[in-house]
Amino acid sequence: MRRSKSQVTRILVCILLTVLAIVPFAVTTRFSASAASDITLNSSVQISFPTSMTFKVSAQSDVNIVQLRLHYIVDRQNYANVTSEGWAQFDPATSVNAQWLWDMRKSSLPPGSQVEYWWTAEDAAGKSAETNHSTVSFDDNRYNWQSITTEPVTLLWYNGASSFADTLMTAAQQGLQRIENDTGSTPQGHARIYIYASTQDLQGAQLFPQQWEGGVTFQGFNIIAIGVSPSELAWGQRAVRHELTHWIMGQITFNDYGAGLPTWLEEGLATYGEGSLSPDYQAALNSAIKNHQLISIRSLSSPFSAIPEQAYISYGESNSIVTFLIQTYGKVKMVQLLNVFHQGSGYDEALKQVYGFDQDGLDALWRQSIGISTASTTQRELELAATAG
Ligand SMILES: [Zn+2]
């Protein structure tokens, strides 16, 4: 969901890459505790959002403690559970207090991420011990969050009356219903939507504020964060529906090949899920049609331009293309298309398999549907002409 300069899809990619980088030294070996252990262990966690998480442990034994290791698993869908390790640094002693610090400047987590963790210890006599497994939530504890839940969504907010949250929740449920009705897509699992009171607050939840505003969906984590002040309720309702659609599409199209949807389909569906096209996008689309500045569907399969005018046209056009597909060919075909993408198909192959035309064919049919001849000059052609001239 974008509100000004930037482009969320590109940010989503950045976030996914960051998240994947969390486990630089993943291990698969599981600790096996020795039968008789005299080691006593106690652990705790301290959260300093968004910069770090400090895992603390105290250990006592008759002989020196020589090794303390933290093991942790980040909860996210669609990835094999990977156990990572952190080794506490300390001088061997019979009583030890040690810690391992997760520095989020190296690899960050979205607010509300769940991390399962446990400690293992070894002493100089070769005895070992393991704490119980615990789960910690990397909560943004700078704010006093309230929450409401209507399955499959929990909405968390800290600014505004409960009616504000209720209105956003109603919008969320309407958005889910619309996407289910028109694309056959039902969500799996449970999403948590964090409503920050402003764009500034939202950006403050990130260690590296990105050049984007509005909302972001953390795929795989089932977490959405949006900046909405109570005075922007109408925009907030759109944003909630938009990001929930991204959440569902991320679940449906996940595949082992890592291929997603073309951007025009991803953002076209997300804006479709909003309920109606935002006036800004509609105006940009109308203007592009009038001035022969439409962008080819093939170009729109890549991340959208960062130039605001181009981005607005891209969103408006994508919405129009998806609406055309759903209204002309129906829900069943859209369901099939998403299923084909789920299997990791290429963009043109998927369209051909389901509709019998590729992206260029769709481009021509869609232009016809809005009363434009396929011979119209496209933006790309204009650019080429400009370069040549
Ligand atoms: Zn979007």
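The values are calculated or read from the model by the stated rules, or taken from the named source; none is laboratory data. It should be emphasised that the depicted structure is a prediction, and the values quoted were computed from it without experimental measurement. Backbone-built Cβ (ideal geometry, glycine too); neighbour counts: all protein chains shown.
All conditions in (1) modelled with pLDDT under 95; (2) within 16 Å of the ligand (Cβ to nearest atom) hold for Leu207, with the sole exception of (2). Counting the residues of the stretch 246-272 that are under 15 Å from Val335 (Cβ atoms), near the ligand (Cβ under 10 Å from one of its atoms) and either in a loop (DSSP other than H, G, I, E, B) or modelled with pLDDT under 95 (or both) gives 1. Screening Thr83, Thr40, Thr94, Thr51 for residues that are among the β-branched types (Val, Ile, Thr) and under 30 Å from Gln203 (Cβ atoms) leaves exactly one candidate, Thr51. Taken as a whole, the stretch 277-289 holds at least one residue that is assigned to a loop (DSSP other than H, G, I, E, B), under 18 Å from Thr323 (Cα atoms) and either at pLDDT 95 or above or within 16 Å of the ligand (Cβ to nearest atom) (or both).
Let's see how each residue does on (1) within 18 Å of Asn222 (Cα to Cα); (2) surrounded by fewer than 20 Cβ atoms within 10 Å (Cβ to Cβ); (3) among the acidic types (Asp, Glu):
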residue: Phe90; (1), (2), (3): no, yes, no
residue: Lys106; (1), (2), (3): no, yes, no
residue: Ser137; (1), (2), (3): yes, yes, no
residue: Asp166; (1), (2), (3): no, yes, yes
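For the stretch 210-236, the set of residues classified as at pLDDT 90 or above, within 15 Å of the ligand (Cβ to nearest atom) and either of a type in the set (Asp, Glu) or surrounded by fewer than 22 Cβ atoms within 10 Å (Cβ to Cβ) (or both) consists of Trp235 only.
How many residues does the stretch 24-51 hold that are modelled with pLDDT of 85 or more and surrounded by 15 or more Cβ atoms within 10 Å (Cβ to Cβ)?
Residues in the stretch 24-51 being modelled with pLDDT of 85 or more and surrounded by 15 or more Cβ atoms within 10 Å (Cβ to Cβ): 7 in total.
Quick check: anything in the stretch 264-285 hydroxyl-bearing (Ser, Thr, Tyr), farther than 26 Å from Leu168 by Cα and outside the structural domain of Thr170 (by TED's automatic domain parsing)? No, the stretch 264-285 contains no residue that is hydroxyl-bearing (Ser, Thr, Tyr), farther than 26 Å from Leu168 by Cα and outside the structural domain of Thr170 (by TED's automatic domain parsing). Being of a type in the set (Phe, Trp, Tyr) and at pLDDT below 95 is the requirement here; does Phe55 meet it? Judged against the criteria, Phe55 is not a match. The number of residues in the stretch 290-301 that are part of a helix (DSSP H, G or I), away from the ligand (no atom under 15 Å from the Cβ) and either at positive phi or within 26 Å of the chain's Cα centre (by Cα) (or both) comes to 3. Residues that are assigned to a helix (DSSP H, G or I), away from the ligand (no atom under 16 Å from the Cβ) and within 24 Å of Asn286 (Cβ to Cβ) do not occur anywhere in the stretch 343-354. With respect to Leu155, determine if the residue is assigned to a strand (DSSP E or B), surrounded by 16 or more Cβ atoms within 10 Å (Cβ to Cβ) and not assigned by TED's automatic domain parsing to the domain that holds Gln77. For Leu155, the condition - assigned to a strand (DSSP E or B), surrounded by 16 or more Cβ atoms within 10 Å (Cβ to Cβ) and not assigned by TED's automatic domain parsing to the domain that holds Gln77 - is met.
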